[in-house]
Amino acid sequence: MHPIKGQTDLDIDHILNQAWGARQANFNNTVVFSTPGKTVSVSVTGPGCALNCAHCAGVYLRSMVPLDKALADSRDLNRKETSYLISGGSDTRGRVPLLQNLQELKELAKQGPLNLHTGLVGEEEARQLGDIAEVVSFDLVGDNETIADVYGLSATVEDYFASYRILQKYTRVVPHLCIGLNGGMIRGEYETLHLLRQEKVEAISMIIFRPTAETPFSGCRPPSPAEVVHLMASARLMFPHTPIYLGCMRPGGRYREIVDVYALKAGVNKIVLPAPEARREAVRMGLSVKISEECCSL
């Protein structure tokens, strides 16, 4: 019995066979393994965040490089880094205050491509950010209750998709879907995929809720590997021609090993920081491995 058998009543084998067939029919046999050592994660706000969302509470901002330091380091001719992931804490409207640092970001963009995490945006903000962004990584949520529970916002699913459409007018956008965002529960993820089918989509990045100490969701459990794999395989079938990535945010240990191996079988095109067993599985599957040192959206 394989490790995800028996966890749910989902017919994993059947949908995996379908998903793998869709991948074989529409892509070559290359899989990208990304170890993003050349991408610097930068926060424009430091560790501060007005929302203190239930899954993060600003914890992940602590390990990011402050913008002023990133800009100073970018002038080092011997630096190894070649690109920048720009994020930060949100304001009370669910927006990352990037425009407050527009001049600094313009300077940083001269040193390497920028991957922006914007949060919700308006037209003018999207236009200005489009001038400096190589790509925008945009979190999409397909459930109003999840938006309220996790972010504490009165925003709606339509608000998120409206921002997604606006950003696409000015730059390349890779939608990000967090599986189990609402405390590990699958709530709105399939709806997000269904809504995305009505939009322009050039790639989809999937990440997985990871219980994190010092957050309101610290005691929650991540979604089961079976639920995650079923969702990834469903995405491959719904988007047979679209590259699908498994991004860096996901639980570690045995959980990560299982999910990474079955992500390959579900037809993903790229895995960030793959578990060693996934590397071995790729060889067994006859996949040609390409290595990237940038974050998944670049």
Under Karplus coefficients 6.51, -1.76 and 1.60, residue-wise ³J(HN,Hα) of region 64-77 in Hz, glycine/proline x: 8, 7, x, 4, 5, 5, 4, 5, 5, 5, 5, 7, 6, 5
Can you list the trypsin sites (Lys or Arg not before Pro) in region 187-238 that are in a DSSP coil and have 14 or fewer other beta carbons within 10 angstrom? ARG197, LYS200
Cβ-Cβ FRET estimate between SER218 and ASP131, R0 fixed at 51 Å, reported to 0.05: 0.85
Test of the criteria: in region 68-135, which trypsin sites (Lys or Arg not before Pro) are in a DSSP loop and have at most 13 other Cβ atoms within 10 angstrom of their Cβ? ARG75, ARG79, LYS80, LYS110
If a/c stays under 1.5 just call it rounded; otherwise compare a/b with b/c (prolate if a/b is bigger, oblate if not). Do that for region 55-107, with a ≥ b ≥ c from the square roots of the Cα gyration tensor eigenvalues. oblate
Once you put a point 7 Å from the Cα of LYS80 and another 7 Å from the Cα of VAL65, both along the Cβ direction, what distance in nm separates them? 1.2 nm
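Which percent, nearest 5, of DSSP beta bridges in the chain are antiparallel?
Details: 2 of 35 bridges.
The answer is about 5 percent antiparallel.
Which of VAL261, VAL157 comes first, and how do the rest follow, when ranked by fewest Cβ neighbours within 10 Å? Before the final figure, lay out the partial values.
Details: VAL261 26, VAL157 18.
Listed from fewest to most nearby Cβ atoms, that is VAL157, VAL261.
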Which cross-chain or sequence-distant (5 or more) residues have an amide H under 5 Å from the amide H of CYS178, H modelled 1.01 Å from N in plane? LEU140, ILE207
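Using 0.36 nm times the number of residues separating ARG172 and ASN17, minus their current alpha carbon distance, what extension gain do you get? Spell out each step's value before the answer.
Numbers: separation 155, 0.36 × 155 = 55.80 nm, distance 3.14 nm.
Contour length minus Cα-Cα distance gives 52.7 nm.
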Extension length gain for GLU124 and LEU102 (0.36 nm per residue less Cα distance), in nm, is 6.6 nm
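To the nearest 20 debye, what charge dipole does region 110-151 have about its Cα centre, counting +1 at the Cβ of each Lys and Arg and -1 at the Cβ of each Asp and Glu? Show your work: numbers first, answer last.
On the way: 2 positive and 9 negative charges, 61 e Å.
Dipole size: approximately 300 debye.
Listed here are the pairs LYS69/LYS110; LYS200/LYS265; LYS69/LYS169; LYS169/LYS270; LYS110/LYS270; LYS110/LYS200; which of them are more than 21 Å apart at the Cα?
Violating the 21 Å Cα-Cα cut-off are LYS200/LYS265; LYS69/LYS169; LYS169/LYS270; LYS110/LYS270; LYS110/LYS200.
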Hey, can you grab everything whose amide H is under 5 Å from the amide H of THR45? Only 5+ residues off in sequence or another chain; H modelled, so Pro and N-termini drop out. GLY89
Placed amide H near VAL40: partners under 5 Å, 5+ positions off or other chain: THR82, SER83, TYR84, LEU85
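As a footprinting exposure proxy, order ASP260, ASP11, ASP91 by other Cβ within 10 Å, with the fewest listed first. List each step's numbers first, then the result.
Details: ASP260 25, ASP11 10, ASP91 16.
Ordered from fewest to most neighbouring Cβ atoms within 10 Å, ASP260, ASP11, ASP91 come out as ASP11, ASP91, ASP260.
So, with +1 on the Cβ of K and R and -1 on the Cβ of D and E, and no other charges, what is the size of the charge dipole of region 12-292 about its Cα centre, to the nearest 20 debye? Let's see the in-between values first.
Numbers: 30 positive and 29 negative charges, 202 e Å.
Dipole size: approximately 960 debye.
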Inter-centroid distance (Cα atoms) of region 157-197 relative to region 45-74, Å: 22 Å
Can you give the extra length, in nm with one decimal, that the chain gains between LEU237 and ARG284 once fully stretched, where that is 0.36 nm per residue apart less the Cα-Cα distance? 14.6 nm
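Counting each DSSP H run of 4 or more residues in the chain as -39500 (n - 2.57), what helix-only mean residue ellipticity at 222 nm follows after dividing by all residues, to the nearest 500 deg cm²/dmol?
Working: 9 runs with 95 residues, N = 298.
Here the helix-only value at 222 nm equals -9500 deg cm²/dmol.
A short reminder: the numbers here are calculations on the coordinates, not readings from a lab. It should be emphasised that the depicted structure is a prediction, and the values quoted were computed from it without experimental measurement. Ideal geometry is used to build each Cβ from the backbone, glycine not excepted, and the neighbour counts take in all protein chains shown.
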